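Chemist: Please see the structure below; I have some questions.
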Ligand code: MN
């Protein structure tokens, strides 16, 4: 009986994911992810939506495969383990868990596990959607970049500086604040705008780059700056424009 219910919930979750994808192109994987996690009782690896070699030669197929099937899957598994130990958290969306992490009355190591692995799940689910070759910067985001950074070149320079400047593992982000301003942010490990209180509430990422060594070491070894230069060839500006325009 329990197994049947679980299967039913999973089917319902998959259906809602399909609906989100089919009905409005504007809905991102992240929204689908939130729906999925709210409906089922475990978190799942989202569909990648393209082949492992789709970003070659800028991001190599082997890195993509390991990154998605090993690293991202491990975050999902460990997040599910932490939730299983705290069944009162079942059914909560990932956004809810991460944004409310300090209010949860759970053991410190479970809270840390949710930030690390829930953050890892959120960040990677987002990252896969903002990678695509040969996209063009849209008019509205282009205007905002010129307004807030002076020029595209100046923005790229500041973004690369922020990303190379992350000490150890972490992420660099292009964010849109609640007021509509663009900002570059760094987060450490798997933190993001939901977990970090120094990022104003209501900010949302438009682009993000994973600067953990696992994201680039096979191809670029220790040359993070080269990986970041290559990143511009796979930054999905269509998606960034869509996220920028969306309320
Ligand atoms: Mn990663």
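Chemist: Which order results if 188, 136, 92, 224 are arranged by neighbouring Cβ count within 10 Å, fewest first?
Modeler: Listed from fewest to most nearby Cβ atoms, that is 136, 188, 92, 224.
Chemist: Turning to a different aspect of this structure: Please give the contour-minus-distance gain from residue 73 to residue 105: 0.36 nm per residue of separation, less the Cα-Cα distance, rounded to one decimal in nm.
Modeler: 8.9 nm
Chemist: While we're here: For a footprinting-style exposure proxy, rank 164, 187 by other Cβ within 10 Å, fewest first.
Modeler: 164, 187
Chemist: Which distance in Å, rounded to a whole number, links the C-alpha centroids of the stretch 162-230 and the stretch 130-154?
Modeler: The distance from the Cα centre of the stretch 162-230 to that of the stretch 130-154 comes to 17 Å.
Chemist: Can you sort 245, 209, 166 so the residue with the fewest Cβ neighbours within 10 Å comes first?
Modeler: The fewest-first ordering by Cβ neighbours comes to 245, 166, 209.
Every read-out reported here was derived from the displayed coordinates using simple, explicitly stated rules and does not represent laboratory data. If you're wondering where the values come from, they're calculated on a predicted model, not measured in any experiment. Virtual Cβ from ideal backbone geometry, glycine too; neighbours counted across all protein chains shown.
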